Amino acid sequence: MKNTLRGNGNRIILFFYDVIILLSVCTFLMGFYVGNEHFTKNSIITHTTILFLCVFTFRLVFSVYKQVWRYGGIQGYIFLLVSDTFSGLVYCILNYTLPLVQCNSFAKLLAIVCMNTLASLIIRMSYRYLYKTGKCRFLIDVFSFGRVKITSYDSSKKIRIAIVGAGRVGVSLAEELLNNPVSIYVPRCFIEVSEQKIGREIYGLPVLMESDATLENLAEYQVQEIVFALPQLSFEKRESLLNYYKDSGYPVKNYDYHAVQGLNSKPVIREFDVEELLFRKQNIITDENTKKFYNGKTVLITGGGGSIGSELGRQLAKMNPRQLVILDVYENGAYDLQQELKILYADHLDVKVVIVSVCNRTSLERVFKQYRPDVVINAAAHKHVPLMEECCTEAVENNVFGTLNTLELSEKYGVEHFIMVSTDKAVNPTNVMGATKRMCEMLVLNHKGKMCCSATRFGNVLGSAGSVIPLFKKQLAAGGPITVTDKRIVRYFMTIPEASQLVLQSGAIAKNRELFVLDMGEPVKIFDLAEAMIKLSGRTDIEIKEIGLRRGEKLYEELLIKCEELDKTDNSLIFIERDKPIDSSEIQKKLRILRKAIDSGNDEQVRIALHEAVPTFCNSAGSPAR
């Protein structure tokens with residue numbers, strides 16, 4: 001109620017000023033500046049009354065007084081002009097139709113209407129300019145009767161930026177920053193390639209040619225950071241521009257245009273995402289057939305609170321499943337996903353969260369008995385390579401026997417499709433984590449039963465928990481150094497949405513016992529990635545330190561066991577590796593060896609048993625990737 005009264009008070013003040021303007025214009029043009037047309041005292045009053053009714057009736061109709069003029073844009077001024085145009089026409093019509101108020105000088109009538117409109121525009125523009133610039137505060141107090149106060153902000157403490165791109169997006173960013181006194185950024189210039197704009201000014205900011213944006217010129221404008229505002233730029237051109245500016249010594253950031261499409265959104269100037277650093281276009285893998293496959297089904301995701309598991313939940317939520325069951329032993333991640341999906345889908349999505357370890361077969365069975373899933377996606381696993389080298393027993397218990405529990409219970413309770421999330425580290429594994437994942441692949445791909453089973457293998461996931469990118473960011477924030485194990489090390493990368501979509505589509509097209517792999521393009525050199533992150537941060541004092549390969553770590557990752565043995569699918573990015581079948585008695589023998597080693601409680605015995613169960617498990621670093 002208080003805010004409503006305050007808003008109405010501001011409108012009354014503006015209405016009061018408009019009344020003064022109208023009375024002043026009528027008095028001046030009808031009373032003092034007589035010209036050829038003489039107005040009596042009564043006719044002045046009559047004309048002023050009629051004009052008053054016409055002007056303020058149409059201004060109310062066009063909601064002129066609902067506009068907050070200190071933030072007013074072109075739309076508000078147009079409404080004012082349109083409303084006064086209509087009021088002027090009606091005023092002239094009444095002048096020639098009502099015998100008591102006739103004035104023979106049309107020029108006089110036009111002058112009265114136009115001067116009133118002009119004065120109304122001037123007072124609004126002046127107020128907006130004074131408020132925007134913070135100048136002549138006593139005038140603002142006069143205009144608003146002290147109701148509007150300007151908070152002081154020291155512009156010298158703001159981050160001065162150069163905006164790359166003087167198009168619609170760049171200009172809108174500059175306007176928002178200039179009009180927002182609490183913004184931490186202030187634009188100083190534009191950098192553009194269009195010859196039509198170069199050398200001119202936009203909102204008082206100079207437009208520099210790209211080749212002129214040298215260190216000297218940017219220093220002249222006291223630029224501290226460079227912000228890209230080029231949402232429609234091709235990947236090739238963006239890469240070229242980024243390479244051009246990241247050697248400048250200035251931090252280079254990106255304007256997230258898509259984050260400001262909401263009604264109450266604000267400009268988001270952020271660091272470049274890892275995907276943007278790699279300049280690889282995200283592959284959209286999910287198709288309509290995949291959506292139909294999961295539509296109306298109950299889907300259980302083990303490890304549903306993790307990086308991949310939670311994104312699987314987000315992707316599945318778009319496919320209208322009958323029920324989505326998120327299972328995880330770590331409650332925080334599962335809870336966060338549950339709340340996120342509730343906010344996005346409210347009552348349109350049935351989401352259940354259960355906190356259970358896949359190693360606890362009794363509790364896990366209760367989940368299967370209660371929810372009776374149609375599809376199970378097994379993403380629960382310990383995945384950190386160095387940690388699993390030190391915790392070999394736990395790695396085998398959780399990854400191998402947790403998967404075995406989930407697989408056998410899925411068969412027991414009539415699951416139609418079992419989909420396992422695997423990794424490129426399972427190919428000729430050199431570490432415990434990769435070896436356990438290879439053992440899981442053998443379990444799933446040689447499972448005997450009615451259930452359709454498949455495994456999906458992909459490379460490193462950008463930005464996932466425990467991956468190299470978050471580590472580099474923390475090291476940058478701490479002032480360095482950034483550590484890489486070996487300058488030669490390379491990895492395949494994909495985004496979390498890509499990895500999740502791959503898992504879902506491969507599960508949808510699986511017939512039985514397929515091992516799916518993805519064409520992930522060219523591998524990325526980790527050292528180059530570290531260099532790019534340092535340059536984009538604008539830091540010149542960050543060292544890259546080589547610390548040596550860790551136990552079980554490869555220089556190169558391999559996605560396929562035998563590169564020549566590939567089958568194509570309808571998706572050009574997805575292939576099927578023909579894995580050699582293993583007899584069920586051999587699988588049981590491997591499991592007995594692993595179980596006996598785990599029961600011993602000796603990590604070294606578990607490691608030896610894992611070597612025996614997984615013949616491809618070796619201690620040497622891998623060979624160059626295909």
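The values are calculated or read from the model by the stated rules, or taken from the named source; none is laboratory data. In this text the structure is predicted, and so the values were computed from the model without any measurement. Cβ: placed from backbone, ideal geometry, glycine included. Neighbour counts: every protein chain shown. To get the accessible areas, we keep the full protein, side chains included, count just its heavy atoms, and leave off ligands, DNA and RNA. Shrake-Rupley method; radii C 1.70, N 1.55, O 1.52, S 1.80 Å.
Listing for the model above:
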item: Share of carbon and sulfur in the accessible heavy-atom surface of the range 373-445 [1.4 Å probe, %]; result: 53 percent
item: Area projected by the alpha carbon convex hull of the range 381-517, averaged over all directions, nm²; result: 9.2 nm²
item: Under-13-angstrom lysine pairs by C-alpha in the range 365-495, whenever the two are 8 or more apart or on separate chains; result: 6
item: Ordering of 575-587, 297-309, 353-365 by burial proxy (mean other Cβ atoms within 10 Å per residue, highest first); result: 297-309, 353-365, 575-587
item: Net charge over other residues, Cβ less than 13 angstrom from the Cβ of Q338 (K, R count +1; D, E count -1); result: -2
item: Highest average packing first - 340-351, 395-406, Cβ atoms within 10 Å; result: 395-406, 340-351
item: Other-chain or far-sequence residues with amide H under 5 Å of V186's (modelled H); result: I159, R160, I161
item: Highest to lowest packing among 609-617, 119-127, scored as the average C-beta count within 10 Å; result: 609-617, 119-127
